[in-house]
Amino acid sequence: MGHDTGVPRHGQGHGALIGESLPIRAIRGVVKRAASVRAPVLIIGQEGVGKESVARSIHQSSDRCDEPFVVVDVATVAPELTMCDLSGREGVESTGSAQGLERCFAQADRGVIFLDNIEKMPMHLEAVLRRVLLEAAIRPLGSGKEVAIDVRVISAAQIDPAQLAREDRFRRRLYFWLSAVRIDVPPLRSRPEDIEPLVRHFFDALSSGKSLDSDALRALKGYRWPGNVRELRKVVEALSSAVQGDLIRLADLPEPIASATDSSPRPSPGDHTDGEGRDEAPRYR
């Protein structure tokens, strides 16, 4: 498996850092500062806001950009399984849990490991993290000796671990180990001013030459986007394929997006876990 060494511009593949809202401008500044240090980073945000893209931006803007970026989705970890992935989301390997996690850290040596869904990590894996974070070491399978490693740890959560720690649902010490730098990515519906630059970015990435009329743009800004930036990207991709001509009008939008208005209520930018259920999937005409 190869290593991800491409250098993005503000994580533009996903669009997580595209926009001119105050929160996104602030996040770009934190990413720039985080890239220059080696402290652990915790990224918090709803599904689809682009947490992994933010992590990749930190990695690829740092002096570790030519070293591995290893993805571990701890939500998939069972007592018998750890998902370790060097290339992003393809070619996932399965290994024994604690030993498998240590193997992932070994593969990330001199680079970055991205621990996704950290709030769902099983308790029995905490010892592995503790050795890496506090002692910069792992204990390979079959060896009684610890081996020194140099790994930058970036983790992500959909639910704020600080709140979970206050409720005794997440280890307080683990939260403090992981959150030397904290980045909160707000949901897309709380920053409608980012919709237009995001749409323009996705159209440009597709080389579609398409644009939106004012009514279509107003509807996009009014929709609540339960799937966040990822959902917006998929909608733009679908419209680019389905609509004839260069101008996309309100009538071209799928429901329920077409009936949305920009007066729809929105949560505050800090609301990451409002418990909102998934809206009905858009239907394309």
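Throughout, read-outs are computed from the coordinates displayed, never taken from laboratory work. Since the model is a prediction, treat every value here as computed from it, not as a measurement. Backbone-built Cβ (ideal geometry, glycine too); neighbour counts: all protein chains shown.
Descriptive notes on the structure:
- Percent of Cα-Cα distances greater than 11 Å, calculated over region 167-210: 76
- The Rg/Rh ratio for region 186-253, using Cα coordinates for both the radius of gyration and the Kirkwood hydrodynamic radius, is 0.93.
- Between residue 123 and residue 214, the FRET efficiency from the beta-carbon distance, with R0 = 30 Å, is close to 0.05.
- Take 164-171, 37-44 and order them by the average number of nearby Cβ atoms within 10 Å per residue, most first; the result is 37-44, 164-171.
- Residue exposure sequence - 105, 114 - by fewest surrounding Cβ within 10 Å: 105, 114
- Of the peptides 196-202, 152-158, 53-59, 243-249, the ranking by mean beta-carbon count within 10 Å, highest at the top, reads 53-59, 152-158, 196-202, 243-249.
- Evaluated at q = 0.15, 0.22, 0.26 Å⁻¹, a Debye calculation over the C-alpha positions of region 100-189 (equal weights, vacuum) places log10 I(q)/I(0) at -0.60, -1.14, -1.44.
- Once the Cα-Cα distance is subtracted from the 0.36 nm per residue extended length, the residue 207 to residue 244 segment shows a gain of 11.9 nm.
- Straight Cα distances below 19 angstrom link residue 51 to the lysines 32, 120, 234, with same-chain residues fewer than 8 positions distant left out.
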